1. Can you give me the distance in nm between label points at Ser138 and Asp54, each placed 7 Å from the Cα along the Cα-to-Cβ direction?
2. Sticking with the crude label model, points 7 Å out along Cα→Cβ, report the distance from Ile111 to Arg228 in nm, one decimal please.
3. Pop the C-beta distance of Cys125 and Lys265 into the FRET formula with R0 = 30 Å and round what comes out to the nearest 0.05.
4. Grab the beta carbon distance between Arg248 and Arg23, set R0 = 22 Å, and tell me the FRET efficiency rounded to 0.05.
5. Between rounded, prolate and oblate, where does the range 4-168 land on the alpha carbon gyration tensor, with a ≥ b ≥ c its root eigenvalues, rounded for a/c under 1.5, else prolate if a/b exceeds b/c?
6. Once the principal axes of the Cα atoms of the range 171-282 are found, what is the range along each, listed largest first in whole angstroms?
7. Using the Cα centre of the range 155-243 as the reference point, and only Cβ charges (+1 on K/R, -1 on D/E), how large is the resulting charge dipole? Debye, rounded to the nearest 20.
8. Just report the Cα centroid separation between the range 218-241 and the range 149-193, whole Å.
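What follows draws every value from the coordinates through simple rules; no lab data is involved. Not measured: the values here are computed from a predicted model. No Cβ is skipped: glycine too gets one built from the backbone with ideal geometry, and neighbour counts run over all protein chains shown.
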Amino acid sequence: MDGTRALVYKEGESIRILNRRQRWIEYRYPEFNRLSESITLDKCILDGEIVVFDASGKPNFRLLQEREHQEKPESIEILANIQPATFVVFDVPVVNQRPLFEIPLIERKKILSENVREGERIKICYFTSDGEQLWEASKRMGLEGIMGKQKFSAYQAGVRSRDWLKVKNFKTADLVIVGYTPGEGQRRDFFGALALGAYRGGKLVFMGKVGTGFDENFLKSITPELKRLEVKENPVGEMPPYEVRWVRPELVCEVKYMELTPDLKLRAPSFKGLRFDKAPEECEVPEE
């Protein structure tokens, strides 16, 4: 869905939201305050993605990033009104403190359909047994891809499994920002490109740079943060044939690319957005 993975904890009328970095983020989404009215279960945990849809009805990752980056209450309130988010739920691992991990996925889907009433702020993720048709439809719509899941699969928390597979229309990777190149021309007040890395065998590996896909708002907002994180030490060891100002490897971003070269550099990369829900240590060199 091109969103932020999150768990919604519902108890009575109370709603709390936990992201993948184990941070409670419900304060960023005041439009979810009444989400409990759409969930008939008294206590449960719902698994899904927070998504911001654009005017065409497609998930918009850039709009979501604006929401994820906000900490000021007044900015959060404004964006909640002009760029409201939707929670797209696809699983229910716990009901009334009872784990449903071993119950087949198809049965958990049935529990969802019986206990979640769709509205503007909550949707049940569409699924079908015709995966090929769904994949073709996702390509026509320009979406990132689909998830293929075995309908009798268990819920495996925090585990990669062959039962749940991403089928992407293009390659993407979550990478660590390790530095930036100085800006020139129209970007002289900002940066030229972001230097990227990922972990392999516990070591941070240099994967080249990305210089496209940024808008002006992002350039203005991230440049001060990059300067704040500047360090003299090279965090990746490898020295590229161009100037890089290194930063502490704390920020994670998603990048779209064509392929990896034999020396693990991204070919034709394009920046998609920051990932505030992922820790740098989770970013591993993609397997081609």
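1. Roughly 1.9 nm, to one decimal.
2. 4.1 nm
3. Given R0 = 30 Å and the Cβ-Cβ separation, E is 0.30.
4. 0.70
5. oblate
6. Cα extents, longest axis first: 36, 31, 30 Å.
7. Value, rounded to 20: 400 debye.
8. 19 Å
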